[in-house]
1. Sum -39500 (n - 2.57) across every DSSP H segment of at least 4 residues in the chain, then divide by the residue count to get the 222 nm mean residue ellipticity, nearest 500.
2. Where only protein heavy atoms count, and the probe is 1.4 Å, what is the accessible area per residue for the chain in Å²?
3. On C-alpha positions alone, give me the angle between the axis of helix 79-93 and the longest principal axis of the chain, in degrees, nearest 10.
4. Relative to the first principal axis of the alpha-carbon coordinates of the chain, what is the inclination of helix 18-27, with its axis defined by its Cα atoms, in degrees from 0 to 90 and to the nearest 10?
5. Once both axes come from the Cα atoms, what is the angle between helix 45-57 and the longest principal axis of the chain, in degrees from 0 to 90, rounded to 10?
6. Contact order normalised by length for the chain, with contacts defined as Cα pairs under 8 Å and 6 or more residues apart; what percent is it?
7. Two decimals is fine: what's Rg over Rh for the range 139-182, C-alpha atoms, Kirkwood radius as Rh?
8. Taking the convex hull of the alpha carbon atoms in the range 164-246, what volume per residue do you get, in Å³?
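The values are calculated or read from the model by the stated rules, or taken from the named source; none is laboratory data. Everything numeric here is computed off the predicted structure, so don't read it as measured data. What goes into the accessible areas is simple: the full protein's heavy atoms, side chains included, and nothing from ligands, DNA or RNA. Shrake-Rupley method; radii C 1.70, N 1.55, O 1.52, S 1.80 Å.
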Amino acid sequence: MKSVRQPVPAFVQLAAHPVRWQLLAALSGGDYRVREMVSLVGEPQNLVSYHLRLLRDGGLVRVSRSSFDGRDSYYHLDLDRCTEMLAGVGAALHPGLGCNRPPVTFTSETPSPVLFVCTGNSARSAIAEALLRQRTGGTVDTTSAGTCPKRNMHPNTVRVLREEFGIDIADRHPRHLDSLAGRRFGTVITLCDKAREVSPEFDGETRRIHWSIPDPAAAGGADEETYPAFRVIAAEIDTRIRYLCETHAVTT
């Protein structure tokens, strides 16, 4: 029988290199700058930058300018794209292989508390808090706060959660991070670059994660003009929440 040479799936070609695999593994836990990934993978900056460019060209990694310091850029792993490409790898090997996994279920055991932090606590962190609480059925002790909270919740935050996810937070008000002093959290997630730089340290057992997500209200303008940005940001946060629910730190 004549053999047929099958092309190697793109994900395998990209992920098979040891440095690229280490970068993917690092970025699966949060967003990082190049100099931080140099330290994480123990490789020189020029090599790290080269492999990051290949991962970007392959659609697995995205990059965005820091909203805190425009000289910095944060790299982010596109987990949905990874899922799609991995499904393609399975199908290329055998049609019966796939990545369809049942949704995460939460037991009666108390998962470790999760804290979301941004600057104003009027948009990003409030959206994340509401979405994690919804996806876990309230079984995860979920809180959000701001390093410099706004007086009121942004109207588009209330709107996007109500219209897109059926969640009502109309009576919710931003809280200051200082009001949570003394509370212990298993996982602390910063959602804006400024909050990452100024938020206080937590005890050594706390898992720190950063999601570099732009402020949907930063451009200003009327609420109707900025609402599309809120929808985009809420969808991205929801995607990250879905994958967060798969991690050990949230489910145990």
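1. Values: 10 runs with 107 residues, N = 252.
Helices in the chain give a 222 nm mean residue ellipticity of -12500 deg cm²/dmol.
2. The answer is 54 Å² per residue.
3. The answer is roughly 30 degrees.
4. 20 degrees
5. Rounded to the nearest ten degrees, it is 90.
6. Once divided by the residue count of the chain, the mean separation gives 19 percent.
7. Rg/Rh: 1.02.
8. Roughly 137 Å³ of hull volume per residue.
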